[in-house]
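To start, the structure itself, in C-alpha cells.
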C-alpha cells in the first residue's frame, strides 16, 4: 500500500519554538491538526481567541503564518480559524491529491463541516488575502448559509481567466519560485517599505513552508490547473468590504484596475500599505473587521 506523503507537522512544531518572529511562534503554537470528513490525514488549523467564528485564508504559495500580526488584534472578539489551503503551507500532499481550485474548495468545505461539529452551526465571518480573496468569494457563493460577511485584502484572481502552465514550464516556474534570491525579492516587493519592514524574520517565514514534503509537486500541479481567476462574477450576496494598499507592487496595474471596476465603492485604499494589508497595516485591518461599515 502506498501511503500519502507526510505533512509539515514537524516544521510547525519547530516553528513554535524557533521562529525569529515572536508573533509567528505564538501562532504556530496555536495550530491544531484536524481530522476532516472524507480526508485521510489531519490538516493544520491555527485556533485561538473567543467569540463568533472567523475564518482567515492566506494567499498563493504562503501559509497561515501570514496572519501573525492580525491574529492577536482579532482574538479578543472572535474564535479565529486559520488553516493552510490544501496544497499550500504545511498541509499533507497525497500523491493522488487534486491540486486545483476544485481541490482547495473541497478541502475548505470539509473544514467548514468540521468547524460546525466543533463550534456549532453558526455562520462564520471570512477574511481572504490576495489569492485567498478569490477563494473566499468562491467559498461564499458555494456555502451562502455558512458565511455571513467578507473582508478581502488586496484580492487576486477576481478577474481575468485561468492560464494553465503547460508541462515543463510549470516545473521551471516552481523551480524559479524556490530560489532563495527570488524568495527574498518577492518578500520585499510585497511590503510598502521593505527597508523598514523586511528582515531575517520575514524572509524566514516567507520560505519556511517550502521544506514541506511535496511542496514543488503540488505547486506545479496547481499552476498546471490554471489556478484561481475570473472568480469575482457574480459577487457573493453577503456584505463585502475590501482593503487595498496604495503601494501594492505585486498585482499589476491592469489587474488592480479591473478588480476595482468590479468592486466599486466596496474598496478602501490604505496609505503606506503594499500587497499585504494584514502585515503592513494590521491595526487598520482589525478596525475594519471589528467596526462594520468602517470601510
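Quick note: the coordinates plus some simple rules give every number you see, no bench work behind them. None of the values given here were measured: they were computed from a predicted structure. Methodologically, a virtual Cβ is constructed for each residue, glycine included, from the backbone with ideal geometry; neighbour enumeration extends over all protein chains shown.
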Open item on the list: Which of the three applies to the stretch 18-57, rounded, prolate or oblate, going by the alpha-carbon gyration tensor with a ≥ b ≥ c and a/c under 1.5 meaning rounded?
Closed with: oblate
TODO: Name the shape class, rounded, prolate or oblate, that the alpha-carbon gyration tensor gives for the stretch 122-200, where a ≥ b ≥ c are the square roots of its eigenvalues, rounded holds for a/c under 1.5, and otherwise prolate holds if a/b is larger than b/c and oblate otherwise.
DONE: oblate
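Quick check: residue separation of residue 262 and residue 119 times 0.36 nm, minus the Cα distance between them. What number comes out in nm? Spell out each step's value before the answer.
Values: separation 143, 0.36 × 143 = 51.48 nm, distance 3.43 nm.
So the chain would gain 48.1 nm between residue 262 and residue 119.
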Task: Estimated 222 nm signal from helices in the chain, with DSSP H stretches of n ≥ 4 weighted -39500 (n - 2.57), rounded to 500 - done: -11500 deg cm²/dmol
Open item on the list: For the stretch 9-290, what does the relative contact order come out to in percent, with C-alpha contacts under 8 Å and a separation of six or more?
Closed with: 21 percent
Open item on the list: Distance between the C-alpha centers of the stretch 269-293 and the stretch 106-182? Whole Å please.
Closed with: 19 Å
Open item on the list: Suppose the chain between residue 25 and residue 50 were pulled fully straight at 0.36 nm per residue; how much longer would it get relative to their current alpha carbon spacing?
Closed with: 7.0 nm
- [ ] Compare the peptides 14-20, 179-185, 69-75 by average per-residue count of other Cβ atoms within 10 angstrom and give them in order, highest first.
- [x] 69-75, 14-20, 179-185
Task: Anisotropy class of the chain from Cα gyration tensor, a/c 1.5 cut - done: rounded
